[in-house]
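The values are calculated or read from the model by the stated rules, or taken from the named source; none is laboratory data. As the structure is a computational prediction, the values presented were derived from the model and not from experiment. Positions of Cβ are backbone-derived with ideal geometry, glycine not excepted, and every protein chain shown enters the neighbour counts. Please note that ligands, DNA and RNA were not included when accessible areas were found on the heavy atoms of the full protein model with its side chains. Shrake-Rupley method; radii C 1.70, N 1.55, O 1.52, S 1.80 Å.
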Amino acid sequence: MARRPASHRRGRLWSRLGALVLALGVAWGGGFVYFLATLPPERALSPGFRVDGIVVLTGSGGRIRAGLEALERGVADRMLISGVHAVVGKGEIIGQHRDYAGLVGCCVDLGHSARNTIGNAGETAFWAEQNRFRSLLVITADYHMARSLTAFEGAMPGVRLVAYPVASRAGLATLAAEYSKFLVTATVARL
C-alpha cells in the first residue's frame, strides 16, 4: 500500500484544524448570545432584606453609590469596597459621595490588595472571614456579575452570595471580552 504524499497529509491536518476552529467559533458565539440574553437585570431589594455584609467591586459608575444606598437602607451594617487603588482613601470616597460621609466614615472598609476579579474574591473572603459574615450582597456591573459570582463561590463556598447588578452601557467589545474572561474563570474554577 502506497503512502499518501506529505502534502495530502498536511491538507487533511489543515482541514481538520479549520473544522475545529469553526466548531469552537460557533460554540463561543452561541454561548456569547446566551450570555447576553441572561445578563441580570437591576433588582430592587425588598423591605427588610438583610445580609451580613455588602461588597462593591470597583469599576464602572454607580456601583459605590448602589452600595451606599443599600447600606443606608439597613441591608447590612458594613460594606467593603474591593479593588481600591492604593492611593485612594476614605476622603476621596467621601468627596465623590458627600451625602454619605457619615456612613463612609463609620461603616465602609477599603480593600487595596485586589487587582482583578480573582483578587476581589480573595480580598472579600478574608474580609468576610474576619467579620464572620455568612451572607453578602455582591455589587458589580451586570456584565461582570457571572464571572464575579463564579470567583466568589470558589473563594467562599460556605457564604451565601446575593447578586445586586448595576446596569451598564458596555459596548459589544467589552461584553465579548468579559464573556471570554468568564469562560476562563469558569474553567479554572472547575479544575
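Using a simple spin-label model with points 7 Å from Cα along the Cα→Cβ vector, what separation in nm is obtained for Leu183 and Leu20?
Once both label points are built, they end up 1.5 nm from each other.
Averaging sequence separations of C-alpha pairs under 8 Å and six or more residues apart, then dividing by the length of the chain, give the relative contact order as a whole percent.
The normalised contact order for the chain reaches 22 percent.
With a ≥ b ≥ c taken as the square roots of the eigenvalues of the C-alpha gyration tensor of region 34-137, please select rounded if a/c is under 1.5 and otherwise prolate if a/b is larger than b/c or oblate if it is not?
rounded
In Å², and per residue, what accessible area does the chain have when probed at 1.4 Å with the other protein chains present?
Accessible surface, normalised per residue, equals 57 Å².
From the helices alone, meaning DSSP H stretches of at least four residues, give me the mean residue ellipticity at 222 nm for the chain, per-run term -39500 (n - 2.57), in deg cm²/dmol to the nearest 500.
Values: 7 runs with 101 residues, N = 191.
Roughly -17000 deg cm²/dmol at 222 nm, from the helical runs in the chain.
Expressed as a whole percentage, what fraction of the accessible surface of the chain belongs to carbon and sulfur atoms when a 1.4 Å probe is rolled over the protein heavy atoms?
Carbon-and-sulfur percentage of accessible area, whole number: 60.
If we sort 58-66, 38-46, 87-95 on the protection proxy, mean other Cβ atoms within 10 Å, highest first, what's the order?
Numbers: 58-66: 17.2, 38-46: 10.7, 87-95: 13.3.
Averaged packing, sorted descending, gives the order 58-66, 87-95, 38-46.
Going by the alpha-carbon gyration tensor, a ≥ b ≥ c the square roots of its eigenvalues, is region 99-191 rounded (a/c under 1.5) or, if a/c is not under 1.5, prolate (a/b greater than b/c) versus oblate? Before the final figure, lay out the partial values.
Values: a/c = 2.11, a/b = 1.29, b/c = 1.64.
Oblate, since a/c reaches 1.5 and b/c is not below a/b.
Enumerate the amide H contacts of Arg78 below 5 Å, restricted to partners 5 or more residues apart or on another chain; note that Pro and chain-start residues carry no placed amide H.
It is Ile54, by chain and number.
Apply the Karplus curve 6.51 cos²θ - 1.76 cosθ + 1.60, θ = phi - 60°, to the phi angles in region 140-151 and return the couplings in whole Hz, x for Gly and Pro.
So the J values, rounded to whole Hz, are 7, 5, 3, 6, 9, 5, 4, 5, 4, 5, 4, 5.
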